[in-house]
Amino acid sequence: MVMTLLAVEAISRSFAGHTVLRDISFTVQAGESVGIIGRSGAGKSTLLRCLNALERPDTGRILFEGQDLAHLPEKQLVLLRRKIGVVFQHFNLLSSRTVAANIALPLEIAGMPKAQRQERVAELLHLVGLEEHARKYPALLSGGQKQRVGIARALAANPALLLCDEATSALDPETTTSILDLLNQINKTLGLTLVFITHEMDVVRQLGHRVLVLEQGTIVADGPPADILKPDNALSSVKGAGYVASYS
Ligand SMILES: Nc1ncnc2c1ncn2[C@@H]1O[C@H](COP(=O)(O)OP(=O)(O)OP(=O)(O)O)[C@@H](O)[C@H]1O
Ligand SMILES: [Mg+2]
């Protein structure tokens with residue numbers, strides 16, 4: 001049975017009179033993996049921040065599990081955000097905490113008892129293949145290992161949705177492949193829904209069931225990567241085609 005996890009309904013956002021998101025609507029089904037592509041400044045990160053309610057749209061609704069993220073009071077958002085994990089390009093790890101302590105942080109904030117926390121951290125270390133590095137500090141890790149910590153931390157509270165903003169952009173091609181394999185495994189075996197931003201068309205092909213093309217704050221295409229990334233498709237009549245053609 002198809003279940004809608006996220007429904008973005010006509011959201012717009014401006015900064016100082018400059019419209020960054022314009023009448024954006026799309027839905028994401030539970031278990032789906034959706035890529036967002038578009039030129040620098042198109043509004044991708046702003047859109048992703050709206051999906052986590054770090055940014056509020058000026059108009060429109062964002063329904064996540066039936067609740068409107070765009071209008072929910074901050075207090076309720078704190079609880080809802082635990083169901084939405086975020087992975088960043090530059091990992092955003094705390095240098096003064098070990099790998100295990102970085103992963104445990106969201107669980108500490110959520111008030112999980114220590115024994116339960118340790119059990120969950122051990123599961124996550126296993127999932128991302130970092131058991132042997134649990135006591136290391138981030139400075140001693142490679143970029144790929146740091147991103148595995150970032151992914152484990154994002155998954156700590158068992159989210160229903162994982163948002164990735166250029167999660168592999170700081171990594172070499174080989175490490176990118178291993179992180180994509182991990183994200184694919186998380187999507188397929190855990191059934192976790194993914195929404196990810198990327199500038200790499202290979203990432204869209206390997207990870208996305210669907211791709212949205214954003215152009216100056218508007219969605220100009222929405223469909224399977226095999227259709228959208230075809231150089232000679234119907235998209236050639238829309239503005240986003242230039243971006244796709246120049247990167248694929
Ligand atoms: N808090 C803010 N205040 C003012 N302008 C902002 C703010 N956040 C984003 N913008 C503007 O919104 C536009 C879109 O930015 P955004 O970061 O969403 O783009 P992007 O598609 O993620 O680009 P990139 O691929 O370079 O990461 C830019 O013009 C940016 O300057
Ligand atoms: Mg961005």
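G111 fulfils the conditions (1) part of a helix (DSSP H, G or I); (2) open to solvent by 10 Å² or more (accessible area, probe 1.4 Å); (3) under 27 Å from A53 (Cβ atoms) except for a single criterion, (1).
Considering only region 8-65, state which residues are acidic (D, E) and either in a loop (DSSP other than H, G, I, E, B) or open to solvent by less than 30 Å² (accessible area, probe 1.4 Å) (or both). Correct list: E32, E55, D58, E65.
Would you confirm whether or not region 152-164 contains a residue that is crowded, with 20+ Cβ neighbours inside 10 Å, part of a helix (DSSP H, G or I) and small (G, A, S)? There is at least one residue in region 152-164 that is crowded, with 20+ Cβ neighbours inside 10 Å, part of a helix (DSSP H, G or I) and small (G, A, S).
A quick yes/no check of all residues on (1) within 16 Å of ligand 2 (Cβ to nearest atom); (2) under 23 Å from G208 (Cβ atoms); (3) in contact with a strand residue (DSSP E or B) (Cβ under 7 Å, 6 or more places away or on another chain):
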site	(1), (2), (3)
G17	no, no, no
E32	no, yes, yes
I37	yes, yes, yes
S40	yes, yes, no
L51	yes, yes, yes
T59	no, no, yes
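One residue stands out among those in region 165-219 that are away from ligand 2 (no atom under 16 Å from the Cβ) and of a type in the set (D, E, K, R): the one that is most open to solvent (accessible area, probe 1.4 Å), which is E174.
Give the residue that is nearest to ligand 1 (Cβ to nearest atom), with candidates limited to residues of region 66-84 that are in a loop (DSSP other than H, G, I, E, B) and open to solvent by 80 Å² or more (accessible area, probe 1.4 Å). Of everything passing the filter in region 66-84, H71 is nearest to ligand 1 (Cβ to nearest atom).
The values are calculated or read from the model by the stated rules, or taken from the named source; none is laboratory data. These numbers were taken from a predicted model, which means no experiment stands behind them. All Cβ positions, even for glycine, are placed from backbone atoms using ideal geometry, and neighbour counts span all protein chains on display. The protein model used for the area step is the full one, side chains on, heavy atoms only, and it has no ligands, DNA or RNA in it. Shrake-Rupley method; radii C 1.70, N 1.55, O 1.52, S 1.80 Å.
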